[in-house]
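First comes the structure, then the notes that go with it.
The values are calculated or read from the model by the stated rules, or taken from the named source; none is laboratory data. What you see is a predicted model, and the numbers here were worked out from it, not measured in a lab. Using ideal geometry, Cβ is built from the backbone for each residue, glycine included, and neighbour counts are taken over all protein chains shown. Accessible surface areas use protein heavy atoms only, side chains included; no ligands, DNA or RNA. Shrake-Rupley method; radii C 1.70, N 1.55, O 1.52, S 1.80 Å.
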Amino acid sequence: MKNRVYFRLACCALIVLSCLIAIYPTKQYIKFASTEPKNDFIKWIDFNASAETIHKTIALVNHLDNEPEYTKADFYDILSYLSIQNGNKFERFSDNKVLKTLKTKLEKGINPIENYKDNKNFKYFVESNKAVLGGIVGYINDDDTGLKHFGIIGYHPITKGYWYNNFDDFGNSRIFGYKRLHLGNDLFGNIGTPIMAIEGGTIQELGWNRFGGWRIGIRSHDTKRYYYYAHLRNKNPYPKELKKGDTVTAGQLIGFLGNTGYGKEGSTIKNAKPHLHLGLQIIFDPSQEKGPKEIWVDVYQLVRLLYNYRAIVD
């Protein structure tokens, strides 16, 4: 009797063990597949489009939109088409030639851009251009006519009526703390010059940083862009009511130009003129938020693009 019971128990144990062996590899595979990190996002952006070319691309979009018989073309498609045609090297003469030829073809109902829609490089330019310019250009409703047109929706960081000076210093060497590249654009001006939000978003950083001094970091609503405004003035670097987690709008006052940083709280940068350090980080994946995978783009041309779009302090 006991032998029969032991036999049955052994058989049951064997069946259970067989099931576990059969199921275990499947479970392991499912677990691996569900936790495997995505790796199909853009790792680097080389944004070179000039302010002049962006303005002309905007004008072409509106020209095509205003005539029903013309073939329409998306702003980012046109700009990416230019990148493909000129090897991502924007020059006034070549850009004008490509845009003029494209305009003529679209007016005749021929759309050469369609030939590149499946091109890997074209797709890269479209996605990267959208990531950089998504909060700066877009369709705007005209309050008088009720019609919409494509144009600039962002604001220059320096308030209207205040002088500033800058040059393309992206990639220059910095040595304070450790040797590194300058990943932004310095806009020189007077201490206290009001600084405006280029685009609306959420305040992600607010306070002191040993490199940037008093600074404010704003993440765009779509989370693709992080704007870094640094070296704000020592006393009252930003409006007192602002705090981390607040939502700001494009053209809102967010700080005042200064000369802080490169040391402990309250330090000022020695032998340096007062300036705003403006940086723009592009984020496609959480792994790019901090560390060696960060993507910073040259904003010099964007500052030029926004020159005539400067908010007024109330």
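Scanning segment 73-103 for residues that are under 24 Å from the mean Cα position of the chain (by Cα) and among the hydrophobic types (A, V, I, L, M, F, W, C) yields a count of 7.
In the set (1) closer than 22 Å to Y300 by Cβ; (2) loosely packed, with under 15 Cβ neighbours inside 10 Å; (3) not acidic (D, E), the condition left unmet by H221 is number (1). Looking only at residues of segment 127-146 that are of a type in the set (G, A, S) and modelled with pLDDT of 85 or more, we find that the one that is most open to solvent (accessible area, probe 1.4 Å) is G134. Look at segment 208-231: where a residue is polar (S, T, N, Q) and a partner is open to solvent by less than 10 Å² (accessible area, probe 1.4 Å) and not in a loop (DSSP other than H, G, I, E, B), sitting 6+ places away or on another chain with Cβ atoms under 9 Å, you get N209/A230; S220/G201; S220/Y227; T223/G201.
Listed by position, the helices (runs of 4 or more DSSP H) contained in segment 50-149 that have at least 2 residues being within 22 Å of Q301 (Cβ to Cβ) and free of Cβ contacts under 8 Å to residues at least 40 places away in the same chain are 75-86, 92-107. Within segment 122-167, being in contact with a Gly (Cβ under 7 Å, 6 or more places away or on another chain) and farther than 27 Å from Y81 by Cβ holds for Y155, I158, Y162, W163, Y164. Within segment 252-270, the set of residues being open to solvent by 40 Å² or more (accessible area, probe 1.4 Å), part of a loop (DSSP other than H, G, I, E, B) and among the hydroxyl-bearing types (S, T, Y) comprises Y262 only.
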